[in-house]
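> Let me give you the structure first, and then I'll get to my questions.
Quick note: the coordinates plus some simple rules give every number you see, no bench work behind them. Everything numeric in this text was worked out from a predicted model, so none of it was measured. Please note: Cβ atoms are built from the backbone with ideal geometry, for glycine as well, and neighbour counts cover all protein chains shown.
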Amino acid sequence: MAAIEARGLRKRFGATVALEGLDLRVEEGRILGIIGPNGAGKTTALNAILGLTPYEGDLRVLGRDPWTERDQLMRDVCFIADVAVLPRWIKVSQALDYVAGVHPRFDRSKAEALLARTNIKRNSKVRELSKGMVTQLHLALVMAIDAKLLVLDEPTLGLDLLYRKQFYETLLNDYFDRSRTIVVTTHQIEEIQDVLTDLVFIDRGRIVFGCSMEDVESRYVEVMVRPEHVAAARSLGPIHERQVFGRSVLLFDGADRERLAPLGDLRTPGIADLFVAVIGKERVQEAAR
Amino acid sequence: MSTPSNVAAFPVDPQPVAPPLSEPRPLYWLVRRELWENRSIYLAPLVLTAVFMFGFTIGTVTRPQRLASASGTAVMPWSVLPAMLIAAAFMVGAFYCLDALQSERRDRSILFWKSLPVSDRDTVLSKASIPLLVLPAIVFTITVIVQILMLLLSSAVVLATGSSAAALWAKLPLFRMTIGLVYSLIAVALWHAPVYAWLLLVSGWARRVVVLWAVLPLLAVAAFERMAFGTKYVIAFLGYRITGWWQSGFTFPNKDRISIDPLTHLTPGRYLSTPGLWLGLVCAAVFLAAAVRLRRRQEAF
């Protein structure tokens, strides 16, 4: 069973179309990154998946309809919408009590153990904690829940580098196993590059690109071309070209590596470069239509 | 090394099951959550009672002759206390409801609450239970305890002046007053249920200045009616919504001599047969259902 299955998901706010027939299928045990420009529909899509907003189209999350069964679904789904949604007046001990009281799958001792590794005091209020500590607290609460699907929407927004790095390390080392599914959106693309198993790009309410990270590695190659070979490289049909320190970097989709190797240095492109290439190409094609 | 004894001591469960999980009690924790966030629910009545008790102590010690008075003035403070607390509970409950469904959207914590397996219906019901159940229970508990303290203090003062406290005890039907208190608390809570439900609904809808959205449209309608038709039905209706429980639930045939036995004033039959009570409860149910629907759709702002 797929953890998430969306077909023709549509959502509009007045005249603005946020989701324009979005199709998405996420298998169990994957870590999917949803990347897109601002206003592309990422948060709307996640809100639909979490049962926070009504939508048109077919959507099943862990086999349930999120809009009509949100409270049941939340037994198996956790989400961190972004930092700082924990109420500022709540004490750390009260947050533990509350989640333990209402959530059947919350393991309080696990949350306590995770908190013991931080400097968070049990009788502090959330408003007294730093932004990084609030995120640590939220992550401790969420990781102590034995959920099947974890949804993270810009989870590290506004955090400093140390906390950001720690966030994903904790998530991978102490939480993720092959039976859980994680969906994450972020603008800090480089940080999650090595974490993901799958990748989709979303633009203007639609999925414009989707593939597994293994496929990214086998399909796409970036060549830093030696100046004398630029013309030859261009003739092989790159999907994108950019300049780095005065040298041309060309991105190829499914090109023959043996023919590219003599032209310059080969490497797997970063998600950010792939994103710029794919979204740019998409927009050019759309403008041409 | 094989350790068969250990195996015997810790037999493997033939059918491994999920670790035992405590049965969740969302309504209980939802109400506790409200008390954590809104401490005025119990602090306001407690502070008011402390001030009252301080004044009562001074009055009793400095003017003990008041307790020997033959008229009702001797036992008047015993009914002032619950009346004061019921009025305070109405104000606390109204301000609580105005804030209850707005603050979680204002500070975006609604996204955290909604990430837990708690339905919107339970959440709204837990918030409605604060003015309808929790505040009356607080008023009841404080009143009963403080009335007993007042009686003990008065008796000690009377005994110290060399008189007998028997007259005071005879004049003070504490048990019958407690029955009257329970009746009053139920009557006022049911009567005000649509008021609280309306405030909750507006609090779940308005982005800002909830109190203005809750009150000004009603005043505007009343002003329009007065100007256009010269009548006062709307304003009379609003007043009745606040005070009708008193008019229909109690009777005071002889206004000069209020009997200290509260049970002679109760008119439960008339209260229960008042259409305003039942129409109000229907409105309360409709408002709460609308508030549940609204919370399902509302996002943080």
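> Using the Karplus curve 6.51 cos²θ - 1.76 cosθ + 1.60 with θ = phi - 60°, what ³J(HN,Hα) values do you get for each residue of segment B:116-132, in whole Hz, with x for Gly and Pro?
Using θ = phi - 60°, the values come out as 10, x, 10, 6, 5, 4, 4, 4, 5, 5, 5, 6, 5, 6, 4, x, 8 Hz.
> Next question. May I ask for the angle, rounded to the nearest 10°, between helix B:275-297 and the longest principal axis of chain B, with both axes built from Cα atoms and the value confined to 0 to 90°?
30
> Now, a different point. Considering the dipole of chain A built from charges on the beta carbon (Lys and Arg +1, Asp and Glu -1) around the Cα centre, which of A:LEU266, A:GLY21, A:ALA40 is farthest to its positive end?
Value computed over the given set: A:ALA40.
> Please name whichever of B:ALA68, A:GLN188, B:THR264 sits farthest to the positive end of the charge dipole of the protein assembly as shown, dipole taken about the Cα centre and charges placed at Cβ: Lys and Arg +1, Asp and Glu -1.
Of B:ALA68, A:GLN188, B:THR264, it is B:ALA68.
> Using only atoms on other chains, find how many Cβ atoms lie within 10 Å of each Cβ of peptide A:94-107 and report the average.
For this peptide, the per-residue mean of nearby foreign Cβ atoms is 6.
> For chain B, take the longest principal axis of its alpha carbons; what is the angle in degrees between that and the long axis of helix B:76-100, to the nearest 10 within 0 to 90?
It works out to around 30 degrees.
> Which loop chymotrypsin sites (Phe, Trp or Tyr not before Pro) in segment A:182-289, with loop taken from DSSP, have no more than 11 other Cβ atoms within 10 angstrom of their Cβ?
Qualifying residues, ordered by number: A:PHE245.
> I want the local charge near B:SER155. Using Cβ-Cβ distances under 15 Å, sum +1 for each Lys or Arg and -1 for each Asp or Glu among the other residues.
Net local charge, B:SER155 excluded: +2.
> Sequence gap at least 6, Cα distance under 8 Å: using those rules, report the relative contact order of chain A to the nearest whole percent.
Computed over chain A, the figure is 20 percent.
> Sticking with this one: Quick query: amide H of A:VAL208 versus all other amide H atoms, modeled in the peptide plane; which residues come in under 5 Å with a sequence gap of 5 or more or a different chain?
Here the answer is A:PHE201, A:ILE202, A:ASP203, since their amide H atoms fall under 5 Å of that of A:VAL208.
> Separate question: Cα gyration tensor of chain B, axes a ≥ b ≥ c as square roots of the eigenvalues: rounded (a/c below 1.5), prolate (a/b > b/c) or oblate?
Taking the square roots of the gyration eigenvalues as a ≥ b ≥ c, chain B is oblate.
> Shifting gears a bit: Classify segment A:115-196: rounded, prolate or oblate, from the alpha-carbon gyration tensor (a ≥ b ≥ c, eigenvalue square roots; a/c under 1.5 rounded; otherwise prolate if a/b is larger than b/c)?
oblate
> How large are Rg and Dmax for the protein assembly as shown when calculated on the C-alpha trace, in angstrom?
Every Cα atom of the protein assembly as shown included, Rg and Dmax give 33.1, 118 Å.
> Scan around A:ILE239 for amide H atoms under 5 Å from its own, H built in the peptide plane at 1.01 Å from N, and keep only partners 5 or more places away or cross-chain.
Under 5 Å from the amide H of A:ILE239: A:LEU251, A:PHE252, A:ASP253.
> For segment A:170-179, take each phi angle, set θ = phi - 60°, evaluate the Karplus expression 6.51 cos²θ - 1.76 cosθ + 1.60, and give the result in whole Hz per residue in order, putting x for glycine and proline.
With coefficients 6.51, -1.76 and 1.60, one gets 4, 4, 6, 6, 9, 10, 6, 9, 5, 8 Hz.
> DSSP loop (so not H, G, I, E, B), at most 13 other Cβ within 10 Å: list which trypsin sites (Lys or Arg not before Pro) in segment A:149-222 pass both filters.
Answer by residue number: A:ARG178.
> Please check chain B for the longest run free of trypsin sites (Lys or Arg not before Pro) that are loop-located per DSSP (anything but H, G, I, E, B) and have at most 16 other Cβ atoms within 10 Å.
No qualifying site falls inside B:40-206, the longest such stretch.
> Once phi is turned into θ = phi - 60°, what whole-Hz ³J(HN,Hα) does the Karplus curve with 6.51, -1.76 and 1.60 give for every residue of segment A:260-277, x standing for Gly and Pro?
Here the 3J(HN,Hα) series is 7, 3, x, 7, x, 8, 9, 7, 6, x, x, 4, 4, 5, 4, 4, 4, 5 Hz.
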